[in-house]
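First the structure, in the form of structure tokens, and then the observations on it.
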Amino acid sequence: MKPGREHGFGRCDKTAARPDLIDRKIAAAVMKDASRPIAQTADRAGLSQTPCWKRIPSSWAS
């Protein structure tokens, strides 16, 4: 496993693990207003848009 991929929440390796602080910030922002642009969600989580987008699990879309 690559360094930094230990948690797996919404990441490429898809292993089950606890979400980290950034994942929880993203989840809170999406639950508060799912229609907000990814740029605003990323800003609230302290990330740029691409890393934020990659952390959002595809299961949230269904």
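The values are calculated or read from the model by the stated rules, or taken from the named source; none is laboratory data. All figures in this text were calculated on a predicted structure; none of them were measured in a lab. Note that we place each Cβ from the backbone using ideal geometry, even for glycine, and neighbour counts take in every protein chain shown.
In the stretch 18-43, the residues that are outside any helix (DSSP H, G or I) reach residues that are aromatic (Phe, Trp, Tyr) with C-beta atoms within less than 6 angstrom, at least six apart or across chains, in these pairs: 19/9. The number of residues in the stretch 5-55 being modelled with pLDDT under 90, surrounded by fewer than 15 Cβ atoms within 10 Å (Cβ to Cβ) and in contact with a Ser or Thr (Cβ under 9 Å, 6 or more places away or on another chain) comes to 2.
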